[in-house]
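This report refers to the structure that appears directly beneath it.
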Amino acid sequence: MRYASNGDVRLAYETFGDPGGVPLLLIMGLDFQMVLWPDGFCRMLAARGFHVARFDNRDTGLSTHFASPTAENPFRMLFRGSAAPAYTGLDMVADGLAVLDALGWASAHLCGASLGSGLALATAALHPERVRTVTAVMGGPLGRRRDLLRYVNFGIFPRAARITHPPTDAGAIDTLVDLIRLISSPHAPFDEPWARSVATISHHRSPRDPGTTRRQTAAGLRLGPVARRFREITAPTLIVNGADDPLIRPSAGAALARRIPGARTVVHPRMGHILPPHVWPLLTDELATRAGLS
């Protein structure tokens, strides 16, 4: 485990593969730690010639954590505006660049999941010299309220709120397992041993803070103005969605692609809002081909 710095924020990161390999930065999504990028997927990428880095976004895992202003409410902000959040999406974009700097990477391929896909695309729009290709996994259009209402399934949030267990270490781990189950495809086998292992590691690294969900949601919503610049993205862009995603409707990928010159889309069957093993080789092949490694 190593650390990068963005001002006062420390960002925990780790790498897989030969340091001489092709740089690839994995950016995790809302409220999850870097360990949600499966080790097996990271090793598969490394075996194809990538030097893979994954990191804990600010406010998660072993990176710097924050507290919320009393008035912060991301859903109030969505519909009526709100007080300034603890940090912004642009701060999170700068965090990714700080990890690149710590690794000595002038540029890299970026692959982001969920909120991480928006951060990857924002990086490509604002810092094109740092981005070789972008792969946006489980993402959708940003910036317009009607797009959020059209492509986000808000019904999942009450279901997530009903997941409760005793306030013990075991209960917290069970909650994470159930959240992973909730966002997984119902048409693919649920790998409970993996989910429980990741949940246990995550809890012992840093217990889940529900405030992080609110703070990162608020930060992601404030990426909206950057979405107007997605037409300026020059890096080759692939948009990947799951046919069974319970949070982001699969049609969101095509809507996002229409805003990015030359972007391609793919919708994988039996994939929810998490990266299942049957998608790993397909995504690895895509990334390797676009990086000239196949």
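How high is the relative contact order of segment 1-60? Use alpha-carbon pairs under 8 Å, at least six apart in sequence, and give a whole percent.
Normalised by residue count, the contact order of segment 1-60 is 44 percent.
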Margin query: Shape verdict for segment 239-282, please, from the Cα gyration tensor: rounded (a/c under 1.5), prolate (a/b greater than b/c) or oblate.
Written below: oblate
Margin query: I'm spelling it out carefully: the read-out is Cα extents along the principal axes in Å, the candidates are (i) 84, 45, 35; (ii) 49, 41, 41; (iii) 51, 46, 43, and one was derived from this structure. Which label?
Written below: (ii)
Next item on the list: Please report the Cα spread of segment 199-238 along all three principal axes, rounded to whole Å, starting with the longest.
Entry: 41, 23, 11
Item checked: Positive-pole candidate from H127, L148, W105, dipole of segment 100-187, charges at beta carbon -> L148
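Work the Kirkwood hydrodynamic radius out for segment 179-294: mean of 1/r over every pair of different alpha-carbon atoms, inverted, in Å. List each step's numbers first, then the result.
Values: mean 1/r = 0.0607 Å⁻¹.
The answer is 16.5 Å.
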Note to self: What's the magnitude of the charge dipole for the chain around its Cα centre, counting Lys and Arg as +1 and Asp and Glu as -1 at the beta-carbon? Answer in Debye, nearest 20.
What the structure shows: 1100
Item checked: Derived scalar couplings ³J(HN,Hα) [segment 219-226; Karplus, 6.51 cos²θ - 1.76 cosθ + 1.60; whole Hz; x for Gly, Pro] -> 5, x, 4, 7, 7, x, x, 5
Note to self: Tell me the relative contact order for segment 97-210 as a rounded percent, counting alpha carbon contacts under 8 Å between residues six or more apart.
What the structure shows: 16
Item checked: Within segment 34-59: backbone nitrogen closer than 19 Å to the S107 label point (7 Å, Cα to C-beta) -> 50-53
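The numbers here are math on the coordinates, done by the rules we state, and not lab data. All figures in this text were calculated on a predicted structure; none of them were measured in a lab. Counting neighbours? That spans all protein chains shown, and the Cβs are built from the backbone with ideal geometry, glycine included.
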